[in-house]
Amino acid sequence: MHSHGSLSRFLARTARAFTGLALAGGLALSSTGAALAQRVPIVRDAEIEALVREYARPILKAAGLGNSGINIVLVNDPAFNAFVAGRRIFINTGALMTAETPNEIIGVLAHEAGHIAGGHQERLRDQLERAQTMAIVAALLGAGAMVAGAATDTSGLGAAGAGIVSGGSEMARRSLLGYQRSEETTADRSALTYLNATGQSAQGMLKTFQRFQNALSLSGARVDPYRVSHPMPRERIANLETLARESPYFDKADPAALQQRHDMMRVKIAVYTQGQAAASRLLRGSTDSLAVSYGDAQATYLFGDLRSALSKVDALIKSQPKNAYFHELRGDVLMKSNKPAAAAEAYATAARLDPAKSGILPIQLGQAYLAIGTPDALKKAVSEIRKGLDRDRENASGYRYLAQAYGMLGDVADADLATADGHYYSGAYQDAKIFAMRAQQKLQRGSPGWVRAQDIINYKQPGKKK
Ligand SMILES: [Zn+2]
């Protein structure tokens, strides 16, 4: 497997252990911290993040929860789950792949926004807002694993959190994720208000909850954590249906262009997490030829002949020349073909066209410059990666590439500082402090880099005793 392309990015994990994870203060989680020393399967993907952000933005605005700076955290887990903490929305790839329409995800996000607006689990949410993204994911997956036992596939993709079945875990899970029935009713009603205010149907939310109510695992996992944390008794769903049908938007479908992007997202997740056969199954009977072609191009890039992949991507670009993610895929194919200069051009086009201005694309462009490796290209790598990190401050792998670029340029102080940041955003605070101290020895006291290093040295994990 190559180290630059989209598969490794898509399945980016950190091998860093979390020591003494104490996410929810006095919860039993602190005692399972050592057990949570595991890989955190966060997926970074500009296309999917932008789409989910678009789903969420109008809903959060209608809920009075602001409309800017939403971080989408994609968790590579086949079970169905979605959770909002502060400005961060955690959503499993399993949920995105399961949802047949954008409206199903939008409905789930509306319900979640209802919990936030209702002040449910406020104390927990305060703690989550202070915690690092990766620590939250570890805790959520750990909690899911406690429910599901070691029910994960053998491919390793869903294996995070496996085997964390310990005493007191059921209590930890309930404290972390469980809602009261009265809170569910409140969140349902709020969700309907937001959906009406944004002119959208509640049908997707209803459909999702009805399937859960029938005790079906939507994703094929043994237990979907979402169903466990949001109780779905029959009368709740019946009430929801009555109210949902009163809306003038009940039969309104998602815009065709949005549905197409949704289909492309689903097929992409299917190809990356379950292979080509799963993608074909997903699209069986699909009338959207673009989504089918997209899945085919992705699969050919990952598993097939690169020259053939390139011609498939070029056909996609011909049909939608301004689709940033088609150019991104072109860059991925060229990187895998060891053509970094051509890849840089493709990534630069992708970054320029990207309406969401994701930090991921400049970082990929920086990686292409890094692969070119000339002093001039390395300087461009530093500048592009920094641009990406300005937009995406928690991108741990971005810091590692930045450190590599500085290192190749002979700038040891900045390389150490970037390494410190990479560890910091991976939740590996001890390593972060070591590199921050190393960087400080070479940096001028009081300079911006020195101050940042000091912040890392001074950082105290929330809830952790000294
Ligand atoms: Zn709920």
For this session: Report the label-to-label distance for T198 and L306 in nanometres (one decimal), using points 7 Å from each Cα along the Cα→Cβ vector.
Result: 4.1 nm
Problem set entry | Set of aspartates and glutamates with alpha-carbon distance to K357 below 12 Å, sequence-local pairs under 8 removed | E47, E49, D390, D392
Problem set entry | Rg over Rh, two decimals, segment 250-316 (C-alpha only, Kirkwood Rh) | 1.03
For this session: Please give the contour-minus-distance gain from K252 to A356: 0.36 nm per residue of separation, less the Cα-Cα distance, rounded to one decimal in nm.
Result: 34.8 nm
Problem set entry | Cα lying deepest toward the dipole's positive end in segment 47-118, options Y55, L65, I89, charges on Cβ | L65
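Give me the 1.4 Å probe accessible area per residue for segment 323-466, excluding ligands and nucleic acids, in Å². Could you put the intermediate results ahead of the total?
On the way: 6510 Å² over 144 residues.
Here the per-residue accessible area is 45 Å².
How long is the gain from E241 to S182 if the chain were fully straight, where each residue apart is worth 0.36 nm and the alpha carbon distance is subtracted?
Result: 19.6 nm gained on full extension.
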Seminar exercise, completed: With x for Gly and Pro, the residue-by-residue ³J(HN,Hα) of segment 89-96, computed from phi through the Karplus equation 6.51 cos²θ - 1.76 cosθ + 1.60 at θ = phi - 60° and given in whole Hz, is 10, 9, 9, 7, 4, x, 5, 5
For this session: Identify all lysines with a Cα-Cα distance to K207 below 30 Å; exclude those on the same chain that are fewer than 8 residues away in sequence.
Result: K61, K252, K268
Exercise. Once a ≥ b ≥ c are taken as the square roots of the eigenvalues of the Cα gyration tensor of segment 392-443, is the result rounded (a/c under 1.5), prolate (a/b larger than b/c) or oblate (a/b not larger than b/c)?
Worked result: oblate
Problem set entry | Placed amide H near R88: partners under 5 Å, 5+ positions off or other chain | N71
For this session: Under a cut-off of 18 Å between alpha-carbon atoms, report the lysines in cross-link reach of K339, not counting same-chain residues fewer than 8 places apart.
Result: K312, K380
Seminar exercise, completed: Two pseudo-spin positions, 7 Å from Cα along C-beta at D314 and at S383, lie apart in nanometres by 3.0 nm
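The values are calculated or read from the model by the stated rules, or taken from the named source; none is laboratory data. Predicted model, so just to flag it, every value in this text is computed and none were measured. Quick reminder, even Gly has a Cβ in these numbers, built from the backbone with ideal geometry, and neighbours come from all protein chains shown. All accessible areas refer to the heavy atoms of the entire protein, side chains included, with ligands and DNA or RNA removed. Shrake-Rupley method; radii C 1.70, N 1.55, O 1.52, S 1.80 Å.
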